[in-house]
1. If residue 223 satisfies every condition in (1) surrounded by fewer than 21 Cβ atoms within 10 Å (Cβ to Cβ); (2) among the small types (Gly, Ala, Ser); (3) over 24 Å from residue 70 (Cα atoms); (4) in contact with a Lys or Arg (Cβ under 6 Å, 6 or more places away or on another chain) but one, which is the exception?
2. What are the residues in the stretch 167-204 that are closer than 30 Å to residue 246 by Cα, in a loop (DSSP other than H, G, I, E, B) and either without any contact (Cβ under 8 Å) to a residue 24 or more places away in the chain or within 16 Å of the chain's Cα centre (by Cα) (or both), if any?
3. Determine the pairs where a residue that is outside any helix (DSSP H, G or I), located within the stretch 139-152, has a partner that is among the basic types (Lys, Arg) with Cβ atoms under 7 Å apart, the partner being 6 or more residues away or on another chain.
4. Is there a residue being within 25 Å of residue 121 (Cβ to Cβ), of a type in the set (Lys, Arg), at pLDDT 95 or above and surrounded by fewer than 15 Cβ atoms within 10 Å (Cβ to Cβ) anywhere in the stretch 147-167?
5. Here is a list: 103, 112. Which entry is farther than 17 Å from residue 239 by Cβ, within 18 Å of the chain's Cα centre (by Cα) and not in a helix (DSSP H, G or I)?
6. Output yes when any residue across the stretch 16-29 is crowded, with 20+ Cβ neighbours inside 10 Å, under 17 Å from the mean Cα position of the chain (by Cα) and assigned to a helix (DSSP H, G or I), and no when none is.
Amino acid sequence: MTDGTLTYNSGQIYYRVEGSGDLIVFVHGFTLDHRMWQPQVEFFSKNYQVMTYDARGFGKSSLPNGPYDHTADLRALLNHLNIKQTHMVGLSMGGRIATNFALASPNKVKSLTLMDTALDGYADEVDWNVHAKKEGIEIAKENWLNHKVFSTTRKRPETMTALRPIVADYSGWHWLHSDTQASAGSDARNHLSEITKPTLVMVGEKDLAYFHDISNVLSVEISDAQKVIVPNAGHMVNMEAPDTVNEILSTFIAKTS
């Protein structure tokens, strides 16, 4: 395993690379960091090169200090590591980043996997307010873990044991500041037909209807997409049902390598 930090656009992006072979990049969800992918890193690094990283504002990467773009950060990271093409996997916010990346840099994407994903340009119908400004960061983190998006996750003590310390380390920056993402509000929703790479759309059976609706849109509008519903899993599908997710993802990637 090697890790490092890329300095780019007045910030530092932390990354880890393990294994060898075709590359798989995993992009984490909101309030989380590279550690959420540990079940996949342990499985896939036996046969692939695996990269995880902390998006700007999360984990060991620096906080935003001006305009930035998650897609540009990821492209710079791949260029820094001299990576020509990769299998791209993202969950929730990470799926949104992966989708935007596939649209912006299609030649760098070998396949695309979107798990319980968010989508720019798709009307948000969930109340995500955790009242950080009013109640403080620590209470906000508890409010977050008690949010309905984690209702299934909370029923799995082993998953919560892994999830809690990651959320505990989150800075809370996005709850307290106006986000300066350059791509915020982009219209990926209306450009899905431009994605031509093999795409796996995965969603936990018990995730919110909002994410099921997005998965339906993706599976219909991306030409080479297949949708899989993971039984008895919620939003954190990769952590809640790692064996099932690893098997499905392994089969998909093997066919697209």
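The values are calculated or read from the model by the stated rules, or taken from the named source; none is laboratory data. Just so we're clear, the structure is a prediction, and the values are computed from it rather than from any experiment. Virtual Cβ from ideal backbone geometry, glycine too; neighbours counted across all protein chains shown.
1. Residue 223 satisfies all of (1) surrounded by fewer than 21 Cβ atoms within 10 Å (Cβ to Cβ); (2) among the small types (Gly, Ala, Ser); (3) over 24 Å from residue 70 (Cα atoms); (4) in contact with a Lys or Arg (Cβ under 6 Å, 6 or more places away or on another chain) except (4).
2. 170
3. Close Cβ pairs (under 7 Å, with a partner that is among the basic types (Lys, Arg)) amount to 152/206.
4. Yes: the stretch 147-167 contains one or more residues that are within 25 Å of residue 121 (Cβ to Cβ), of a type in the set (Lys, Arg), at pLDDT 95 or above and surrounded by fewer than 15 Cβ atoms within 10 Å (Cβ to Cβ).
5. 112
6. No.
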